[in-house]
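> Got a structure for you, questions after.
Rule-based calculations on the coordinates, nothing more; no lab input. Bear in mind the structure is a predicted one, so any value in this text is a computation, not a measurement. Using ideal geometry, Cβ is built from the backbone for each residue, glycine included, and neighbour counts are taken over all protein chains shown.
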Amino acid sequence: MEISPFWSILVPVIGAVLVALIREEGDRPRHAVAVSTTIITFTLVATAFPAVLGGETFSFTLFQISRGLSIAFTVEPLGMIFAFLASMLWMFAMVYSTGYMSHEHHRRRYFTFYTVALSATMGVAFSANLFTLYIFYEYLALITYPLVIHEQTEEAYAAGTKYIIYCFSSGALVFLAMFSLGGLGEGLTFTPTGVLLPAVADHRLLLSLMFFVCVAGFGVKAAIMPLHSWLPSAMVAPTPVSALLHAVAIVKTGVFGVIRVMFYLFGVETLKELGVANVLSAVLVLTILIASILAIKQEKLKSRLAYSTIGQLGYITLGATMLSPLGVAGGVAHIVNHAILKIVLFFCAGAVITQTGVTHIHQMKGIGRRMPYTMFFFTLAALGLIGVLPLAGYISKLYLLGGSLQAGKPVLGFVLLVSAVLNSIYYFPIIIAAYFQEGSFEAPKGLESPPSMFIPTAVLMVFGFLFGLFAHYTTLPIVNRVVAAIFQL
Amino acid sequence: MPFLPATTVLIPLISAGVIMIFSKTRELYLKIFMVCSAVFALISSLLMYPAVKDGGSIATGTGYLAWPLSFTFRVDALGFFFAMVFSFCFLLIIIYSLGYVGHGHARVRYYSLILLAETAVLGIAMSASLVGFLVFFELLTVSAYLLVIHEEDEIAMFAGAKFLYMSLAAGLAIFFGLVTVNYLAGRTDFVPGGYLPASPLALYALFAFLLGFGIKAGMFPVHIWLPDAHPAAPAPVSAMLSGLSIKTGAYGLIRVFHDVYGIGLVRELSFDRILLALAVVTILLGSALALQQDHLKRRLAYSSIAQIGYILLGIALLTERAMLGALFHVFSHALMKGTLFLCAGAVIVQSGKKYISQMKGIGFEMPLVMFSFALASLTIVGIPPFNAFISKWHLALASLESGRGVLVAVLMASSFLNAFYYFPVVITAFTPAEPGRIRLDRIPASMLWTTLVMALFCVGFAFARPHWPVMLASRISALMF
C-alpha cells in the first residue's frame, strides 16, 4: 500500500510488453490488455489520492548512484494532481484509441508505445529530484517519437525529426542546469519551499541564468514562444496521440517541469529575491497573445487547436509567474481544467476526421447535421475554455485573475481577458459553420461515431461540467494543498 | 414560500429541457406545454409579491458549490419588479411566437430556446450575487444569439456574430469586475447599501461593469450590435431583446451601484457623472438616428437605444425620484416596445413589408394591428397621461431637483424627435394612395390578440387607479434610498 503509486510507473511497462507480444491481428486481446493496464494504473494512483489529500507524502529511493545523485520518487500533492489527471485521461484516451485506430496500420506498435508512454508520465509526476525528472522527461520524448511519425509520410518524418531535435535540445538545457546547480542545493530534491535560497547571496548571476536555462528546457515542451514550433507540426500524428500527448501529457510535463523547478527547486522566496519571474511573465504574455492570434489564421482544425493549446499553456505558466497564491492555484487548476476540455475538443476533432474525412475548417460547413452531438460537445468544451460559467474553465480564470490582482499586476489579468475574446473569435466560426451553414452532409444512420469514441467524449464532457460546478469537491482541495505547501500558508 | 425564487427560474429551464427531449412529440402538445410553463413562471413570480412588498426578501440557495459559485436565488422588491415585467412580457411573446414561427423551420429549437432565454432573464432578476448573475447572463448570451440567427440567412448570421462577440466581451468585462470585487471585499453578493471599500481598483472594476452592462443595455458607444440584431431577428425575439434583454444591463447597473458599491462610493468616484454624460449622448444619438431609418424594425431598434438612455439617466442621477422614473420606464418601455415590435412582426407576416415607405395605407389592411401601433406610439412619445409621460415627468423633476436643468431640455428634445419618427409611420399607414375598404387583419389569432392585449396594457395602466406600477416603483426606490 505504501508504495502502490510507484507501481503505476512499472505497470504500464509490463502492460506494454504484453501488448507487444500480441500479433498484429489480435485486436480484441490487445485492446483488453491495453485498456486494463490503464485502469490498473489509474486505480493504483487513485488509491493513494485520499492519503495525499489528507497531508501524507510517501517517498521511495530506488537507488543512489552517488552522493547527491539518486533515482528517487515521492508522492505529494502537485505530482498527485498530475498523475491522477494523466492516468484518468489515459483510460479514456485508450478506449477512444481502440475506436480511432480500428482502420489504421501498425496498431501493435501504436498501442505498445501508447501504453508505455503512461509509465514515463507517471515517472515525471512522481520524480523526487531533478535528476529523476530529467530521466523520465527524456524517456517520454523518446517513446513518443514512434507515435508522432505513425503515419510514416514525408510530413510525419519531418515533424518527427523536428520533434526529437526540440526535445533533446530541451533535455540538454535541463542537463546543463542540473550540473550547474548540482552543488548548490542538497541533491536538487524537490521541496515545496525550494532548496536554493541559501545560495542566492553568493551565486545570484548563476542562479538567474540557470533559471532561464531550466525554464527554456522545460519551456520547449510547454511550448513557450519562441520554442513552440514543434507542437503544430507534431499534429500530423493520429488524433488520440495529439489529444493525449500534445494537449495533456507531453505539454503538461513541460508545464509541470516549469512549476516544479520554479517552486520546488528555486522556491518563491528565491524567485522574489532574484526578480526573474517578471521577465518570464512578459514572454508568456506575448506567447498567449501571439498564439491566440495565430490560431485565428489556422485553416486546419487540429492546427487551430494546437495554437490554442500554446495559448492555454501560457495561462498555466503565467499563473505560476505571478508568484501569488491565487495565481499559482489558478495555474495548477488550469492544468486539470484545460486537460479535460482540450481532450474533448481533440476527441471531437478525431471523430470528425475518422467519420467524415474532414480536416479543414472550411470543409466543416453543415457538419452539425452529420454529427450533432459531437459538435455539441465541441461547443461546450470551447465555451468552457473561453471561460463561460459554469464550465470548468472559469474556475481557473477566476483564480488567475484574482492572482493577478493579488500580485498587484492587473495587466496580466487583462491579458487573460483579451485572450478569452480571441479564443471566442477562433472557436465560434467553427461552431457557426458546423450548425448554420449549408453543407452536403446527411444526418447519420445510427450512431454518429463508434461507441468507443463517442462515450469517452461524452463522459469527459460531463466531467467538464462537474469540475466547474463542484470544484470545491474536485480540483480545489488538492490545489489548495499545493499552494499551502509552496507559500507556507 | 421560500421556494418561489427557485421555481420561477427552474420552471422555464426544466420546460426547455423537456421540449428538447420530447422534440418528436406532436407539436400541439409542445405548444400547450410551453405556454403553460410560461403561465406558471408568471404565477410563480407574482406569488412572491406579498413577501417582498414591505422590503422583505426570500431566498432559496444551494450554498457554495465551488467558490464563489452558488446558486442562491433571492428576491427582493427590485428583483420582483423586474421578474414581474419579464415573466409577463415573456408570456405574451411566447404566445405570439406560436403564430409567428407558424410553419417556419426549426420550430422546436425556437421553442426551447425562448424558454431558455426566459430562464436567463428571470435568473438574472433572482440572482443573489454577481456570480449567479453572470451565469444567467452567459445563458442569455447563448440563447439570445441562437434566437437572433433563427432565420439563418446571411444578414442574420452577420448580426448574430456581432451580437455574440460583443456579448461575450460583455461577459468577460463583468467577470473582471466580479473577480475584482471578490478580491477587494471577499464576497460578491448583493447587499443593500453596498460593501466595497474605496480603492483605485474599484474604479477600474466599475468601468468594467459599465462596459459589460453597457453592451447589454445598448448604451453609447457600445450600442453598435443593437441596430443590426433587432431587424435580423424574428419579431418576437426583437421584442424580447428590446423589451427585456437590454433591461438586464440596466438591472445589473442598479445592482452594482446600490448593492455592491453603494451610492456613496459611486459618487465619490464621480462615476455618476460619467454615466450621466453617456446617457445623454445615448438618448440624443438614438433618437436622431432613428429619424433616418426607413426600415421599420431598425427605427424601433434605434428608438430602444434612446429609451434605454432614459433608464440609464434615471440610474445615474442617484436620487429616489430618478430611480422611480427609471424603474417605471423599465416597465412601460417593455410594454410599449414589445407592442411596437409585435406590430412590426405582424406587418411582415401579413404583407412582407419591412420598410416604412412601403407601408402606405397598410392601416386599412390591418386596422387592429396598426391601431395598436398608434396606441403604443402615443404612449412612447410621452403624451400625457400615458405611461412614458409619467416616467419622463419624474425624470425631469429629478433632474431639476439635482440642479441639472439642462437634462430637461434633453428629455424634451428627445420627445420631439420621438414624435417625428413615430407619428409619420402611423400617418403613412392610415393614408392610402387611393381610398379602399377597411378589411380585418389576416394574421394568426395568437399574434393578433397578444398584440392587442399588450397595447391595451400600455394604455390601460395610464388610466388605472390606483396606479400600482408607479406605486410599486416608488416603494422600491424609497427602499433603495
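> For the range A:155-260, what does the convex hull of the Cα positions come to per residue, in cubic angstrom?
Each residue corresponds to 95 Å³ of Cα convex hull volume.
> So for B:R273, B:R299, B:R74, fewest C-beta neighbours within 10 Å to most, what's the order?
With the fewest neighbours first, B:R273, B:R299, B:R74 line up as B:R273, B:R74, B:R299.
> With a cut-off of 8 Å between alpha carbons and a minimum separation of six or more residues, what is the relative contact order of the range A:23-167 in percent?
Normalised by residue count, the contact order of the range A:23-167 is 24 percent.
> Which value in Å is the Kirkwood Rh of the range A:44-103 over different Cα pairs?
13.7 Å
> In what order do A:H103, B:H295, A:H150 fall by count of nearby beta-carbon atoms within 10 Å, going from fewest to most?
The order, fewest Cβ neighbours first, is A:H103, B:H295, A:H150.
> If each of A:T193 and B:E268 carries a label point 7 Å out from its Cα toward its Cβ, how far apart are those two points in nm?
3.9 nm
> Another question about this same structure. Determine, for B:V330, A:V459, the number of other Cβ atoms within 10 Å of each Cβ, and report the residues in order from fewest to most.
A:V459, B:V330
> Once you put a point 7 Å from the Cα of A:S4 and another 7 Å from the Cα of A:D27, both along the Cβ direction, what distance in nm separates them?
3.5 nm
> If exposed trypsin sites (Lys or Arg not before Pro) are those in a DSSP loop with at most 13 other Cβ within 10 Å, what is the longest stretch of chain A that has none?
A:68-444
> Tell me which DSSP H helices of chain B clear both cut-offs, 24 Å or more of axial length from alpha-carbon atoms and a mean Kyte-Doolittle hydropathy of at least 1.6.
B:4-21, B:27-46, B:77-100, B:130-148, B:200-217, B:271-292, B:406-430, B:445-463
> Apply the Kirkwood formula to chain B: the hydrodynamic radius equals the inverse of the mean of 1/r over all pairs of different alpha-carbon atoms; give it in Å with one decimal.
22.1 Å
> Semi-axes of the equivalent ellipsoid of the range A:78-124: what are they in whole Å, largest first, if each equals the square root of 5 times a C-alpha gyration tensor eigenvalue?
Semi-axes from the Cα gyration tensor: 23, 12, 4 Å.
> Restricting to DSSP loop positions (anything but H, G, I, E, B) with no more than 14 other Cβ atoms inside 10 Å of their own Cβ, which GluC sites (Glu not before Pro) remain in the range A:223-309?
A:E299
> Just the ratio, please: alpha-carbon radius of gyration of the range B:53-168 over 2.2 N^0.38 Å, N its number of residues.
Rg over 2.2 N^0.38 Å, computed on Cα atoms: 1.21.
> Using the alpha carbon gyration tensor of chain A, what are the three equivalent-ellipsoid semi-axes (square root of 5 times each eigenvalue), largest first, in whole Å?
After scaling each eigenvalue by five and taking roots: 34, 26, 20 Å.
> What is chain A's relative contact order, in percent, from Cα pairs under 8 angstrom and six or more apart in sequence?
15 percent
> Thinking of the range A:8-59 as a set of Cα atoms, what percent of all their pairs are more than 15 Å apart?
53 percent
> On to the next question. Under 17 Å from a point 7 Å along the Cα-to-Cβ line of A:V462: which residues of the range A:78-106 have their amide N that close?
A:88-89, A:91-93, A:95-96
> What's the average, rounded to a whole number, of partner chain beta-carbon atoms within 10 Å of each residue's beta-carbon in B:178-187?
For peptide B:178-187, the averaged partner shielding equals 4.
> Using alpha carbon coordinates only, what is the Rg to Rh ratio of the range B:319-481, with Rh defined as the Kirkwood radius?
1.05
> How many angstrom lie between the C-alpha centres of the range B:318-348 and the range A:436-489?
Using only Cα atoms to place each centre, the spacing works out to 42 Å.
> Could you tally up the Lys pairs in chain B with alpha carbons closer than 26 Å? Skip any pair fewer than 8 positions apart unless they're on separate chains.
Here the count comes out as 27.
> Still on this structure, I have one more. Working only with C-alpha atoms, what are the Rg and Dmax values of the range A:310-390, expressed in angstrom?
Over the range A:310-390's Cα set, Rg and Dmax evaluate to 15.5, 47 Å.
> Oh, and also: Tell me which trypsin sites (Lys or Arg not before Pro) from the range B:379-458 have a DSSP coil assignment and no more than 12 other beta carbons within 10 Å of their own.
Here the sparse-neighbourhood loop sites are B:R437, B:R439, B:R442.
> What aspartates and glutamates does A:K252 reach when the alpha-carbon gap must be under 19 Å and sequence neighbours fewer than 8 apart in one chain are set aside?
Hits, sequence-local ones excluded: A:E76, A:E138.
> Please compute one quarter of the surface area of the Cα convex hull for the protein assembly as shown and express it in square nanometres.
For the protein assembly as shown, averaging the hull's shadow over all directions gives 39.9 nm².
> If I take all pairs of Cα atoms in the range A:292-489, what percentage of them are more than 28 Å from each other?
28 percent
> Still on this structure: Relative to 2.2 N^0.38 Å, what does the C-alpha radius of gyration of the range B:362-442 come to as a ratio? Two decimals please.
Here the answer is 1.42, to two decimals.
> Still on this structure: Along the Cα-to-C-beta direction of B:A464, a point sits 7 Å from the Cα; which residues of the range B:388-411 have their amide N less than 14 Å from that point?
B:388, by backbone N distance to the label point.
> Which of the GluC sites (Glu not before Pro) found in the range A:389-456 are loop residues per DSSP with 13 or fewer other Cβ atoms within 10 Å of their Cβ?
In loop regions of the range A:389-456 (DSSP not H, G, I, E or B), the sparsely surrounded GluC sites (Glu not before Pro) are A:E438, A:E442.
> When the helix-only estimate is applied to the protein assembly as shown (DSSP H runs of n ≥ 4, each -39,500 (n - 2.57), divided by the residue count), what is the mean residue ellipticity at 222 nm, nearest 500 deg cm²/dmol?
Dividing the helical sum by the residues of the protein assembly as shown leaves -24000 deg cm²/dmol.
> Below 8 Å, C-alpha to C-alpha, sequence gap of six or more: please give me the relative contact order for the range B:319-481 in percent.
41 percent
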